[in-house]
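Novice: Structure incoming, see below.
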Amino acid sequence: MSDELDTEALAFAHRMFDLARAGSTGELAGQIDAGLPVDLTNDKGDTLLILAAYHARPDTVAALLARGADPRRINDRGQSALAAAVFRRDAEAVRALLAAGADPEHGDPSAVDTARFFDLPEMLALLRAG
């Protein structure tokens, strides 16, 4: 019975991560409102917020932040949601993350390092303005 439950729980968690990647904001928000931990983390340390930012889903990023997602969390590789949003050139997500308290210098590489490395002056300017 516990193996079946573990398999079901794992499948459910994978589906939640897929919702974050796909930008299925309404369904994911509903699951969080029903009790899903907003900072649920996968085996690589990626949170729902990091995945939504990496996949350029600004509406999902905003919904997760509104529900208390931690914008300062980093994954096992030291990457943050803010660095992911910068990499994807998602100005809307960058603004939302900065407004929620994300630190442009946090992580390795940081969002600032990411903007510099990929020569993204518009993202660097946004980070400095934020």
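The values are calculated or read from the model by the stated rules, or taken from the named source; none is laboratory data. This structure is a prediction, so every number in the text was calculated from the model and none was measured. Note that we place each Cβ from the backbone using ideal geometry, even for glycine, and neighbour counts take in every protein chain shown.
Novice: So if I check each of Thr47, Thr25, Thr41, which one is more than 28 Å from Glu122 (Cα to Cα), among the polar types (S, T, N, Q) and in contact with a Lys or Arg (Cβ under 9 Å, 6 or more places away or on another chain)?
Specialist: The conditions single out Thr41.
Novice: Take the residues in the range 30-50 that are within 11 Å of Ala69 (Cβ to Cβ) and hydrophobic (A, V, I, L, M, F, W, C), then tell me which one is surrounded by the fewest Cβ atoms within 10 Å (Cβ to Cβ).
Specialist: Across the range 30-50, the extreme among qualifying residues is Leu40.
Novice: Quick check on the range 21-34. Is at least one of its residues touching a residue at least 12 places away in the same chain (Cβ under 8 Å) and part of a loop (DSSP other than H, G, I, E, B)? Steps first, answer last, please.
Specialist: Of the range 21-34, the ones touching a residue at least 12 places away in the same chain (Cβ under 8 Å) are 21-25, 28-29, 31-33.
Now restrict to residues that are part of a loop (DSSP other than H, G, I, E, B): 23-24.
Yes, the range 21-34 contains a residue that is touching a residue at least 12 places away in the same chain (Cβ under 8 Å) and part of a loop (DSSP other than H, G, I, E, B).
Novice: For the range 1-16, state whether one or more residues are modelled with pLDDT under 95, assigned to a loop (DSSP other than H, G, I, E, B), among the hydrophobic types (A, V, I, L, M, F, W, C) and surrounded by fewer than 19 Cβ atoms within 10 Å (Cβ to Cβ).
Specialist: Checking the range 1-16: at least one residue is modelled with pLDDT under 95, assigned to a loop (DSSP other than H, G, I, E, B), among the hydrophobic types (A, V, I, L, M, F, W, C) and surrounded by fewer than 19 Cβ atoms within 10 Å (Cβ to Cβ).
Novice: Is it the case that Ala84 is surrounded by 18 or more Cβ atoms within 10 Å (Cβ to Cβ) and touching a Ser or Thr at 6+ places or on another chain (Cβ under 7 Å)? Can you show your working first?
Specialist: Numbers: surrounded by 18 or more Cβ atoms within 10 Å (Cβ to Cβ): yes; touching a Ser or Thr at 6+ places or on another chain (Cβ under 7 Å): no.
Considered against the rule, which asks whether it is surrounded by 18 or more Cβ atoms within 10 Å (Cβ to Cβ) and touching a Ser or Thr at 6+ places or on another chain (Cβ under 7 Å), Ala84 comes out as no.
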